[in-house]
Amino acid sequence: MLLAIVTRVLFPLAIQKLIVAPTELTREAPYLQSHIAATRAAWGIDSVESSELAEGGTLSLADLQRNAPTIDNVRLWDRDPLLQTFGQLPVLFIKDLPPASSVSLKITRPQIYFGEMNYDFAVVGTAQREFDHPAGEDNVYAAYAGTGGVPIGSFWRRLVLASRFQTSKLLLSGDITNASRILYLRNIKQRVEKALPFLSLDRDPYMVVADDGHLRWILDAYRPPPAIPIRSACRTAPTTCATA
């Protein structure tokens, strides 16, 4: 009974926790590729050839007649409701992946590592490439080019960081290199509050496009003059307001 528990439960759990999980994507990639290939073969689509549909061209009556089932399935839209629906949508000057701009603003570094939500830590500069966006059948990858974060470096620093963030992946992952850095406290407002606790911050950070095409976060902050008392919000009558 004990041997069965060790071999069927504890041993697979240890392999998953100590070997697979720290470098999960790298170790599971060959199996995923084999699984996809087997699935395509099972459905008989492993020999399908794909080709891009050329733009332009004209349709003749003979073309329409040869493709009658397809033409019959083409949905006809009622123009007026369609215009009313899409007429309410905002105009986007920058859209798509990679970002395409219809104005003079150009984005050269669209990658975003900090934002307004409560994100977990991120490790950059690893042996695992960062997926950026799909490009047809291929994928485009990017790499962190900033100077933020904390260098992971030595084994002892990895040990401290693994203890700090309660994960063994930082200690055991084979993708982490000497050039890797860990980004944490990635919420913009929390980050500024930590660095500048004496400022009153606006509630809504906003992003701008800099002259070099990089995306920059801006958070308005205020520091009341020390000679003017700071008043708290009034809940009922003005007489209940307190000064600090």
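The values are calculated or read from the model by the stated rules, or taken from the named source; none is laboratory data. Keep in mind the model is a prediction, meaning the values are calculated, not measured. A quick note on method: Cβ atoms are made from the backbone with ideal geometry, for glycine too, and the neighbour counts reach across all protein chains shown. To get the accessible areas, we keep the full protein, side chains included, count just its heavy atoms, and leave off ligands, DNA and RNA. Shrake-Rupley method; radii C 1.70, N 1.55, O 1.52, S 1.80 Å.
Lysines near K17 by alpha-carbon distance under 24 Å, same-chain residues fewer than 8 away left out - which ones?
Excluding near neighbours in sequence, the set is K169.
Take the range 111-162, drop everything but the C-alpha atoms, weight them equally and run the Debye formula without solvent; then report log10 I(q)/I(0) at 0.15, 0.16, 0.21, 0.24 Å⁻¹ to two decimals.
The Cα Debye sum returns log10 ratios of -0.57, -0.64, -0.95, -1.09.
Take W43 and L25, extend 7 Å from each Cα along the Cα→Cβ direction, and tell me the distance between the two endpoints in nm.
2.4 nm
Sorted by accessible area with a 1.4 angstrom probe, largest first, how do S168, S51 fall? Could the numbers behind the result be given before it?
On the way: S168 40, S51 110 Å².
So the residues, ranked largest to smallest area, are S51, S168.
Based on the mean of other Cβ atoms within 10 Å per residue, sort peptides 203-213, 64-74 so the most packed one is first. If you can, show how the numbers build up before the last one.
Values: 203-213: 11.9, 64-74: 9.0.
Ranking the peptides 203-213, 64-74 by packing returns 203-213, 64-74.
If you project the alpha carbons of the range 62-199 onto the principal axes, what extent comes out on each, in Å, largest first?
Result for the range 62-199: principal-axis Cα extents of 73, 43, 30 Å.
For a quick protection proxy, order the peptides 111-122, 178-189, 129-140 by their average other-Cβ count within 10 Å, most packed first. Provide the component values of the computation, followed by the final result.
Values: 111-122: 13.4, 178-189: 17.0, 129-140: 11.0.
Taking the mean over residues of other Cβ atoms within 10 Å, the ranking is 178-189, 111-122, 129-140.
By a straight-distance test (C-alpha under 22 Å), which lysines pair with K95 as possible cross-link partners, with residues fewer than eight away in the same chain excluded?
The reachable lysines, counting only those whose Cα sits under 22 Å from K95, are K106.
Would you kindly work out the equivalent ellipsoid of the range 9-73 from its C-alpha gyration tensor and give its semi-axes, the square roots of five times the eigenvalues, largest first in whole Å?
Numbers: eigenvalues 477, 38, 22 Å².
After diagonalising the Cα gyration tensor, the semi-axes are 49, 14, 11 Å.
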